[in-house]
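Read-outs: derived from the displayed coordinates by stated rules, not from any lab. Please read all numbers here as calculations on a predicted model, not as lab measurements. Positions of Cβ are backbone-derived with ideal geometry, glycine not excepted, and every protein chain shown enters the neighbour counts.
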Amino acid sequence: MELYLDTANVEEIKEIATWGVLSGVTTNPTLVAREGRDFEEVIAEICDIVGGPVSAEAVSTDTEGMLEEARRSSEWHRNVVVKIPMIPAGLAAVSILEKEGIRCNVTLVFSTNQGLLAAEAGASFVSPFVGRLDDTGKDGMQVVAELSEIFDIYGFDTRIIAASIRHPTHVTEAALAGADIATVPYKVVKKMVGHPLTDRGLERFLADWEGFSGSKSR
Ligand code: G3P
């Protein structure tokens, strides 16, 4: 499973990119608005850092508007993937854009059937929102698992991005459920890397090494 960062903050992306674990980035209008920067400028800058797919969301709700936005943003960088909402006008846009070679990530997916429709329309990526489903008392990860099984049975090329990830356990569960990608907020990635036993173990190793006379010859 690949890891994407779910953020529009360039500093966060730069930091995690140095770890060599980052395969892409997803943004949404909320995340971009939070940065208070020009949309094109921030997406182009993220593309230069990451070297993998970067999702930029269309905000039109009609097919023509989505097509126009998608064609424009796909010119910004070859790694731009256009995020299209899971509505009928969105499916129509996806089926046209994918034929033009513009990759789409169908977003705001909350059911297996919605994900299936996105795949039938030819989407390169589909994003089930795990955390927001969990918030309603449903098991969000079940959608990821069902889509993974269905895509395997029928040989769909659509890649599943487990989105709306809220904590490190979601990431493990997404990997076990067969997600191709988990898009993870910065604060969750930071939680994934740490463990108190790692810190304690390292402290002990270094203290023991310091007290060992042979350490001086290094
Ligand atoms: O970018 C889509 C998704 O990851 C949003 O997550 O936490 O706002 O539900 P959240």
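Springs between Cα atoms under 10 Å define the GNM used for the chain, and in it the highest mean-square fluctuation of HIS77, HIS195, HIS167 occurs at HIS195. Helix 168-177 and the longest principal axis of the Cα set of the chain meet at an angle near 60°. Indicate the gyration tensor shape class of segment 1-103 (rounded, prolate or oblate), computed on the Cα atoms with a ≥ b ≥ c the square roots of the eigenvalues: a/c under 1.5 is rounded; otherwise a/b larger than b/c is prolate and the rest oblate. Judged from the Cα gyration tensor, segment 1-103 comes out prolate (a/c at least 1.5, a/b above b/c).
Tell me which GluC sites (Glu not before Pro) from segment 62-108 have a DSSP coil assignment and no more than 13 other beta carbons within 10 Å of their own. Qualifying residues, ordered by number: GLU75, GLU100.
For TYR186, TYR154, TYR4, the sequence from fewest to most other C-beta atoms within 10 Å is TYR154, TYR186, TYR4. In this structure, the amide hydrogen of SER55, modeled 1.01 Å from its nitrogen in the peptide plane, lies closer than 5 angstrom to those of VAL25, THR26, THR27, VAL81, counting only residues at least 5 positions away or on a different chain. Taken over the alpha carbons of the chain as equal point scatterers, the Debye sum produces base-10 log I(q)/I(0) values at 0.11 Å⁻¹ of -0.55.
Cβ under 15 Å from HIS195's Cβ, HIS195 left aside: what net charge do those residues give with Lys, Arg +1 and Asp, Glu -1? Local net charge: +2.
Within the shell of other residues whose beta carbon sits under 12 angstrom from the beta carbon of THR18, the net charge comes to -2, with Lys and Arg scored +1 and Asp and Glu -1. Distance between the C-alpha centres of segment 137-173 and segment 1-38: 20 Å, rounded to the whole angstrom.
Taking a sphere under 13 Å around the Cβ of VAL50 and counting the other residues whose Cβ falls inside, with K and R at +1 and D and E at -1, yields a net charge of -4. Here the 3J(HN,Hα) profile of segment 160-167, calculated from phi with Karplus coefficients 6.51, -1.76 and 1.60 at θ = phi - 60°, is 8, 9, 6, 10, 6, 7, 10, 7 Hz, Gly and Pro shown as x. The phi torsions of segment 34-42, fed into the Karplus equation with coefficients 6.51, -1.76 and 1.60 and a -60° offset, translate into couplings of 4, 7, x, 10, 4, 4, 4, 4, 5 Hz, rounded to whole numbers, with Gly and Pro shown as x.
Distances between placed amide hydrogens fall under 5 Å for VAL184 paired with TYR4, LEU5, ASP6, all partners being 5 or more residues away or on another chain.
Judged by the mean number of other Cβ atoms found within 10 Å, the most tightly packed of the peptides 139-149, 204-214, 102-112 leads the ranking 102-112, 139-149, 204-214.
Annotation for segment 107-130 versus segment 189-215: alpha-carbon center distance of 44 Å.
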